[in-house]
1. Rounded, prolate or oblate, given the Cα gyration tensor of segment 101-345, with a/c below 1.5 counting as rounded?
2. Please compute the modelled spin-label separation between Lys226 and Thr326, points set 7 Å along Cα→Cβ, answer in nm with one decimal.
3. Taking the Cα centre of the chain as origin and charging only Cβ (+1 Lys, Arg; -1 Asp, Glu), how large is the dipole, in debye to the nearest 20?
4. Pop a pseudo-label 7 angstrom from the Cα along the beta-carbon direction at both Lys250 and Ala18 and give the gap in nm to one decimal.
5. Mind running the shape call on the chain? Use the C-alpha gyration tensor, a ≥ b ≥ c as the square roots of the eigenvalues: rounded below 1.5 for a/c, prolate if a/b tops b/c, oblate otherwise.
6. Which value at 222 nm does the chain reach when only helices count, each DSSP H run of 4 or more adding -39,500 (n - 2.57), with the total divided by all residues and rounded to the nearest 500 deg cm²/dmol?
7. What is the distance in Å between the Cα centroid of segment 81-155 and that of segment 401-464?
8. List the residues whose amide H sits under 5 Å from the amide H of Asp286, counting only those 5 or more places along or on another chain, with H placed 1.01 Å from N in the peptide plane.
Amino acid sequence: MEIIDYKKWSNRATEWGADYLQNVGKKPVRPNITPGSIASLLPSNPPEDAEDPEVIFKDFENIVPDAMTHWQHPRFFAYFPSNASVASIIAEQLVNTVAAQCMLWQTSPAATEIEQVMVQWLRSALGLPEHFTGTIHDAATTATLSAVLTMRELALGHNGLQEGLFQQSPLRIYASAQTHSSIDKAVRISGIGQKNLIKIETNDNFEMRADLLEQAILSDIANNLKPAGIIICIGGTSIGAFDDVKSIIKIAKKYRLYTHVDAAWAGSAMICPEYRTLWNGIEDADSIVFNPHKWLGAQADCSVQFLSDPTAQINTLGLRPDYLQTLEQDEVTNFNEWTIPLGRRFRALKLWFLLRAYGLNGLRNMIRNHIKWVEDLEEKINSNPKFKVITNSRLALFTFQYAPVGEDANEATEVLLKKINNDGTIYLTQTMHEDQFVIRMTAGQFYCTREDIMTVYDVLENLT
Ligand SMILES: *Cc1c(COP(=O)(O)O)cnc(C)c1O
């Protein structure tokens, strides 16, 4: 394929893509295939000679789409959504072609400056105060790791970077048991260690208990351990738990601990002012992550981290070897110094397209609809005695069990979930909540309708 062939094949891909998005709702959400069946269709070695693009394209059409789980399917209700609005897809097509590496302002002036402006736009859209700046990562996992490394270095007076963690007293990080496994990963790979992540018990409302947090900090200090930071959960993945930000940050300030808020999923909802009570006190956080690639409609990957002051993170992650020096470096932002990888994609363009193509009002409508429709579904499921709602809707997420009289609800729910997902009309996943096997229902696909969401009830009725 040469540059002259670009138009033909790109147009062909666009036509295929438009058709795919229009018809994806007719496919089963999840394919029914056995592990290994796709790999076995591919030769075990790459071709020695060039192949005809027509054949490559045909193989794609024949092999790939029907062997994919369709995340852009309007009845995808599993995990959390990974949305790709059409505007963001188009922006990514342009980014694919320009293919810039955006490590320095000099290597990508427009990308750097649009990234700065998009972080400001989103800061304002989420109602965060003006002192927040930030950057775009690939994933919330990376943003959280960046924050945990920053906590580590602040606690060690920036000595860990040089000396390593040898002969240091162990550092301690605190979080509730409702936080995502990316926090566990961050403490593991930052060298802090899993056993120094202290999971604080939650209260009846699944908020981290501030009294137990303070007790843990005091007891650690008394034992010569070094408290380093607190991770605050805003919209936990399992059941959508929200910590009480204000009471946690109050303690963080008392003991001078850095705070990082994981709002990977729920952050998008904060474009609607009425949900911001769910993170009251957020203005005093040090670091906040949210994924526009989950609910907002920016296609993956796109994870925004807001920082009240980027200095500590830049001092932790930034390096300026000779070959990365540029003349204007004190006047500009070189975003590689804010993030873990050196090389960076131009992720801001899809935000620019997305926010302009739908406007905040369009995006607010989408989110409000999802929340309302999920609540309607919850009500309907709850009114059927065969089912039991276990945790109520938090934004657009609730959990339930199938509880037919005389049967073990955990077992019955697990069997039902298998049936649902073999059926393929909808796709749901599970979690364990207080030793109960529950089905998670969450909606957020950019183009899903009330009817798509209500289909869940029909499927439940049909299969039980
Ligand atoms: C999805 C999710 C993550 C992980 O996000 P990635 O971008 O895939 O790393 C972290 N925390 C919460 C609460 C999430 O929902």
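1. Working: a/c = 2.01, a/b = 1.21, b/c = 1.65.
Oblate.
2. According to this spin-label approximation, the distance is 3.4 nm.
3. Numbers: 41 positive and 55 negative charges, 160 e Å.
Result for the chain is approximately 760 debye, rounded to the nearest 20.
4. Between Lys250 and Ala18, the simple spin-label model gives 5.8 nm.
5. On the way: a/c = 1.71, a/b = 1.09, b/c = 1.57.
Note, shape of the chain comes out oblate.
6. Details: 13 runs with 182 residues, N = 464.
Helix-only estimate at 222 nm: -12500 deg cm²/dmol.
7. Taking the Cα centre of segment 401-464 as reference, the centre of segment 81-155 is 35 Å away.
8. Hits under the 5 Å cutoff: Thr259.
Where a number appears in this text, it was derived from the coordinates with a stated rule and is not lab data. Just so it is clear, the model here is predicted, and its values are computed rather than measured. For neighbour counting, all protein chains shown are included, and Cβ atoms are generated from backbone atoms with ideal geometry for every residue, glycine included.
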